[in-house]
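Report on the following structure.
Just so it is clear, none of the values below were taken in a lab; they were calculated from the coordinates. On a predicted model such as this, the values are computed, not experimentally measured, just so you know. Please note: Cβ atoms are built from the backbone with ideal geometry, for glycine as well, and neighbour counts cover all protein chains shown.
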Amino acid sequence: MKKWPETWKEYNTGGIVFEPGNARSFKTGPWRSLRPVWDNSKCIKCGVCYIFCPEGCVQEGPDGFFAADLDYCKGCGICAHECWPSAISMIEEGQES
Amino acid sequence: MTKPVGMEVAVAAAEAVALCNIDVAACYPITPNTHIAEHLADIIADGRIDAEYITVESEHSALSAVMGASGTGARTFTATSSQGLMYMHEILPITPAMRLPVVMGLGNRAVSGPINIWNDHSDIIMQRDSGWLSIFADNGQEAVDMFIQAFKIAEHPDVLLPINVNMDGFQLTHVVEPIVFPTQAQVNKFLPPYKPFASLHPDHPLSMGTLGLPEIYTEAVKARDVATVNAKKVIVQIWQEWEKQFGRKYEPVMTYKTAGAEILILTMGSMGETAEVAVDALRKKGVKVGLLKLKLWRPFPFDEIRKAVRGAKTLVVTDRALSYGGPGGPVCSEIRAALYDQPNRPEIVNYIIGLGGRDVRVEDFMKMIEGAPKAKKSGDAYQIYGVRE
Ligand code: SF4
Ligand code: SF4
């Protein structure tokens with residue numbers, strides 16, 4: 001799939017998107033300058049990070065702990081801010097956790 | 001064709017819309033469009049037509065509601081005036097961007113302040129660049145005709161843009177005029193059912209009103225501009241179809257007694273009828289004067305204007321709005337732009353007139369025409385006619 005229409009003539013009338021769920025192919029991860037890192041030893045599995053993530057990219061794993069899909073995480077830090085026991089820290093992209 | 005009936009023009013406008021097989025209307029009443037909103041609500045509540053009337057708490061919601069309905073493939077209508085149109089402002093440019101063929105009735109009224117409920121064109125002029133198609137009626141018959149034409153224009157597959165039909169507030173909306181209504185069968189023949197380009201339905205998911213990043217926004221603007229410019233061809237063609245079926249002629253620039261005219265006066269809206277009387281009187285006195293009536297405001301008919309002024313020495317442009325600290329009247333700026341690089345263009349005099357409901361009488365047109373050489377000599381880009389000095 002082409003990322004952008006080549007010319008204005010290929011712009012769909014009214015900018016209508018006919019492919020359901022195509023936001024999936026628009027990866028917002030590269031916008032990120034800070035990355036959330038989970039310390040599961042502090043996590044109480046409350047799911048607040050999952051609820052508050054505006055990107056909807058925090059998912060619960062089979063072990064009941066949570067993690068962000070870094071293809072979409074914008075690094076806004078809301079999960080880290082909301083986490084009660086401070087189990088999430090935001091670190092500079094490119095740095096080791 | 002039925003016999004003429006005497007009817008208030010706003011009520012007649014609602015009757016015309018009711019002939020158009022609409023599905024959804026949402027209006028928030030505001031003077032002077034209230035009678036359109038009220039009468040259409042009556043028609044729907046009485047079950048005369050099968051449509052939904054959404055009672056909304058504001059004009060912002062009225063336009064949002066009809067856009068949502070239009071997105072599902074419904075034929076939609078809204079109406080407003082002045083501050084109501086201002087309140088729609090945030091939504092107005094989104095309707096054409098989404099290519100939703102909403103039809104709007106505008107009872108043109110001055111924008112506050114000072115607070116004023118009477119007629120001028122400052123409401124539509126302030127929304128000029130929202131991307132809606134805009135047409136102007138001179139009288140009640142034209143308003144009725146234009147509402148029926150408007151749905152066909154807006155919904156044409158090569159157009160798919162919203163359109164507003166402008167009627168001068170009070171001067172048109174509140175006067176009783178003789179009006180010939182087409183029959184339902186005639187309207188059905190003229191106006192085919194709306195076939196949307198795409199519509200919202202759970203069985204075929206799609207997204208409307210999407211994000212446009214810097215990588216796509218420019219192309220979106222270009223696509224929309226091309227559609228708007230090209231709409232003129234369709235408008236002219238639909239007006240010709242109308243003339244063929246109903247015998248009443250519509251053109252982007254209508255001419256009245258322009259043969260051999262040295263002076264032309266240009267109007268937009270209901271002043272045109274008054275100007276005709278002035279032209280008749282002056283012609284009788286031997287003055288070589290003619291009248292141009294602008295029916296199509298957006299897309300602006302540049303070529304038609306160039307053609308219409310050919311041979312004239314003086315062009316007097318009347319404007320019912322002012323661009324403060326700008327080049328004068330908005331109609332006149334477009335006309336100056338249209339003629340700038342033309343050889344032998346006429347001298348242009350611009351009068352700002354009929355503001356906030358001030359009457360424009362036949363003798364005012366005489367005075368504007370007679371005073372044109374003096375106005376030109378003053379060197380001012382525009383004159384505010386009749387202002388008490
Ligand atoms: S940083 Fe923001 S986007 Fe990323 S997972 Fe946390 S809440 Fe979601
Ligand atoms: S908000 Fe914190 S404690 Fe709650 S699930 Fe997320 S990481 Fe664990």
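Do any chymotrypsin sites (Phe, Trp or Tyr not before Pro) in the range A:1-42 lie in a DSSP loop with no more than 16 other beta carbon atoms within 10 Å, and if so, which?
Values: sites: A:TRP8, A:TYR11, A:PHE18, A:PHE26, A:TRP31, A:TRP38; in loops: A:TYR11, A:PHE18, A:PHE26.
Counting only loop positions with at most 16 other Cβ atoms within 10 Å, the chymotrypsin sites (Phe, Trp or Tyr not before Pro) in the range A:1-42 are A:PHE18, A:PHE26.
Could you pull out the pairs from B:LYS232/B:LYS288; B:LYS257/B:LYS284; B:LYS232/B:LYS257 whose alpha carbons sit more than 22 Å apart here? Before the final figure, lay out each step's value.
Working: B:LYS232/B:LYS288 31 Å; B:LYS257/B:LYS284 12 Å; B:LYS232/B:LYS257 24 Å.
Pairs exceeding 22 Å: B:LYS232/B:LYS288; B:LYS232/B:LYS257.
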List every residue whose amide H lies under 5 Å from the amide H of B:GLU347, counting only residues 5 or more places away in sequence or on a different chain, with H placed 1.01 Å from N in the peptide plane.
B:THR314, B:LEU315
Determine ³J(HN,Hα), in whole Hz, for all residues of the range B:102-111 in sequence, where each value follows from phi through the Karplus function 6.51 cos²θ - 1.76 cosθ + 1.60 and θ = phi - 60°; x replaces Gly and Pro.
6, 10, 10, x, 10, x, 4, 8, 4, 8
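Got the relative contact order for the range B:253-384 handy, in percent, Cα pairs under 8 Å and 6 or more residues apart? Before the final figure, lay out each step's value.
On the way: 228 pairs, mean separation 35.0, N = 132.
Reported as a whole number, the value is 27 percent.
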I'd like to know how the range B:5-246 sits against the 2.2 N^0.38 Å rule of thumb: what's its Cα Rg over that expected value?
0.96
Non-local amide H neighbours of A:GLU93 (under 5 Å, H modeled in plane, Pro and chain starts lacking H): which ones?
A:LEU34, A:ARG35
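With the Cα gyration tensor of the range A:27-92 giving a ≥ b ≥ c as the square roots of its eigenvalues, does the rule (a/c under 1.5 for rounded; else a/b larger than b/c for prolate; else oblate) give rounded, prolate or oblate? Show your work: numbers first, answer last.
Values: a/c = 1.81, a/b = 1.43, b/c = 1.26.
Prolate, since a/c reaches 1.5 and a/b exceeds b/c.
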In whole Hz and in residue order, list the ³J(HN,Hα) couplings for the range A:60-73 that follow from phi through the Karplus curve 6.51 cos²θ - 1.76 cosθ + 1.60, θ = phi - 60°; x for Gly and Pro.
8, x, x, 7, x, 8, 10, 8, 8, 7, 6, 5, 10, 4
Sorted by chain and number, the residues with a modelled amide H under 5 Å from that of B:ARG358, at a separation of 5 or more or across chains, are none
Mind checking the mean number of beta-carbon atoms from other chains within 10 Å of the Cβ atoms in B:210-217?
3
Modelled label reach - B:SER58, point 7 Å along Cα→Cβ, the range B:126-146 residues with backbone N closer than 19 Å:
B:127
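Using the Cα centre of chain A as the reference point, and only Cβ charges (+1 on K/R, -1 on D/E), how large is the resulting charge dipole? Debye, rounded to the nearest 20.
Numbers: 10 positive and 13 negative charges, 47 e Å.
The dipole of chain A has a size of about 220 debye.
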Are there cysteines in the protein assembly as shown with no other Cys C-beta under 4.7 Å, and if so, which?
A:CYS43, A:CYS46, A:CYS53, A:CYS57, A:CYS73, A:CYS76, A:CYS83, B:CYS20, B:CYS27, B:CYS332
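Output the relative contact order of the range A:27-92, whole-number percent, from Cα pairs under 8 angstrom with separation of 6+ residues.
Working: 119 pairs, mean separation 32.0, N = 66.
It comes to 48 percent, rounded to a whole number.
Suppose only helical runs count, i.e. DSSP H with n ≥ 4. What mean residue ellipticity at 222 nm does that imply for chain A under -39500 (n - 2.57) per run, divided by all residues and rounded to the nearest 500 deg cm²/dmol? Write out the running numbers ahead of the final one.
Working: 2 runs with 10 residues, N = 97.
The helix-only estimate for chain A comes to -2000 deg cm²/dmol at 222 nm.
Restrict the search to chain A; then list the GluC sites (Glu not before Pro) that DSSP places in a loop and that have at most 10 other Cβ atoms within 10 Å of their Cβ. Intermediate values should be presented prior to the final figure.
Working: sites: A:GLU6, A:GLU10, A:GLU55, A:GLU60, A:GLU82, A:GLU92, A:GLU93, A:GLU96; in loops: A:GLU6, A:GLU55, A:GLU93, A:GLU96.
Qualifying residues, ordered by number: A:GLU6, A:GLU96.
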Top positive-direction residue, dipole computed over the protein assembly as shown with Cβ charges, set B:THR78, B:SER134, B:GLY113:
B:SER134
Whole-Hz Karplus ³J(HN,Hα) for the range B:175-185, in order, using 6.51 cos²θ - 1.76 cosθ + 1.60 and θ = phi - 60°, x for Gly and Pro?
9, 8, 10, x, 10, 9, 8, x, 6, 4, 5
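Is the shape of the protein assembly as shown best called rounded, prolate or oblate, per the rule: a/c under 1.5 gives rounded, else a/b larger than b/c gives prolate, else oblate, with a ≥ b ≥ c the square roots of the Cα gyration tensor eigenvalues?
Details: a/c = 2.47, a/b = 1.94, b/c = 1.27.
Prolate is the answer for the protein assembly as shown, as a/c is 1.5 or above and a/b outweighs b/c.
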